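Before any comments, here is the structure.
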Amino acid sequence: MSNQSVSQVSQSHTELEFVQKILEMDSSDYPWNPTSLEAEAYFDRLEQDFSLADWQGEEIGQRSQAFMKQIDQLWVQQSLVERFALRMPKEMVQKIFNRAEQLVSSQMSLIDQLVQCVQEALPNWGEDDLQVLARPLAFAMRGSEAVDATLQAVQSMEWSDLSEVEQARLSLAAAHQTLMELKQQNSADQSPA
């Protein structure tokens with residue numbers, strides 16, 4: 001018998017054993033069935049292991065706000081990835097998001113924030129050149145329209161096939177959208193409930 005035949009027989013034997021184990025399993029007691037007595041005991045045990053009694057009301061509020069802020073940031077990040085990841089490398093989208101997250105609360109002008117967001121992702125570009133390209137985004141009356149216009153103006157092709165100017169414009173549009181969504185999220189977090 002050849003080595004390939006031996007490995008096929010071995011794989012077939014392993015698959016048969018796996019199927020046999022699945023068939024032998026007792027499926028009558030599904031632990032997540034909320035109507036079974038076993039499930040009630042399981043949930044009671046979980047509740048005993050986890051108690052908020054040791055936490056102060058203020059601590060619960062702070063932790064829940066921090067958790068919701070993380071959820072909001074993940075939502076913004078996912079939105080950015082969905083809109084730009086097909087047009088630019090995911091790592092670059094992630095770098096822009098991370099930098100925007102650091103800068104969103106800074107006192108820098110929007111144009112400086114845009115440049116700072118993409119500078120690490122576009123190391124061959126000078127700050128002055130990036131400011132020239134960022135100007136239409138920074139001073140647009142409606143930022144979302146400027147981002148949409150940039151997306152329409154930049155050809156839809158592989159990142160490596162785009163010119164350096166198109167790559168910079170696309171990166172700045174991603175930075176603009178990220179900063180706007182993070183600022184909107186921050187203002188919503190700070191408004192009284």
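The values are calculated or read from the model by the stated rules, or taken from the named source; none is laboratory data. Keep in mind the model is a prediction, meaning the values are calculated, not measured. Positions of Cβ are backbone-derived with ideal geometry, glycine not excepted, and every protein chain shown enters the neighbour counts. The accessibility values were calculated without ligands, DNA or RNA, using every heavy atom of the protein model including side chains. Shrake-Rupley method; radii C 1.70, N 1.55, O 1.52, S 1.80 Å.
Going by what's in this entry, would Leu170 be described as over 20 Å from Asn98 (Cα atoms) and crowded, with 16+ Cβ neighbours inside 10 Å? Walk me through it before giving the result.
Details: over 20 Å from Asn98 (Cα atoms): no; crowded, with 16+ Cβ neighbours inside 10 Å: yes.
No, not satisfied.
Which residues, counting only those in the range 55-83, are open to solvent by 60 Å² or more (accessible area, probe 1.4 Å) and under 8 Å from the mean Cα position of the chain (by Cα)?
Of everything in the range 55-83, those that are open to solvent by 60 Å² or more (accessible area, probe 1.4 Å) and under 8 Å from the mean Cα position of the chain (by Cα) turn out to be Leu74, Trp75, Gln78.
Collect the residues in the range 53-87 that are touching a residue at least 60 places away in the same chain (Cβ under 8 Å) and either of a type in the set (Ser, Thr, Tyr) or not in a helix (DSSP H, G or I) (or both), keeping them in residue-number order.
Once the filter is applied, which keeps residues that are touching a residue at least 60 places away in the same chain (Cβ under 8 Å) and either of a type in the set (Ser, Thr, Tyr) or not in a helix (DSSP H, G or I) (or both), the range 53-87 yields Ser79, Arg87.
Could you tell me whether Glu164 is more than 30 Å from Lys69 (Cα to Cα) and either open to solvent by 40 Å² or more (accessible area, probe 1.4 Å) or not basic (Lys, Arg) (or both)?
Taking the combined requirement at face value, the residue satisfies it.
Examine the range 20-35 for a residue that is open to solvent by 90 Å² or more (accessible area, probe 1.4 Å) and at pLDDT 75 or above, and state whether such a residue exists.
Yes, there is a match, as at least one residue in the range 20-35 is open to solvent by 90 Å² or more (accessible area, probe 1.4 Å) and at pLDDT 75 or above.
So Leu46 fits all but one of (1) assigned to a loop (DSSP other than H, G, I, E, B); (2) loosely packed, with under 11 Cβ neighbours inside 10 Å; (3) not hydroxyl-bearing (Ser, Thr, Tyr); what number is the exception?
Result: Leu46 fails condition (1) only.
What helices (runs of 4 or more DSSP H) lie completely within the range 88-183 and have 2 or more residues being in contact (Cβ under 8 Å) with a residue 60 or more places away in the chain? Walk me through how you get there before you give the answer.
Working: elements: 90-103, 110-119, 127-138, 143-153.
Fully inside the range 88-183 and qualifying: 90-103, 110-119.
Kindly provide the set of residues from the range 97-130 that are open to solvent by less than 40 Å² (accessible area, probe 1.4 Å) and farther than 25 Å from Leu74 by Cα, ordered by number.
Gly126, Leu130
Kindly evaluate Gln94 against the criterion of being surrounded by fewer than 20 Cβ atoms within 10 Å (Cβ to Cβ), closer than 27 Å to Ala188 by Cα and not small (Gly, Ala, Ser).
So Gln94 passes the test.
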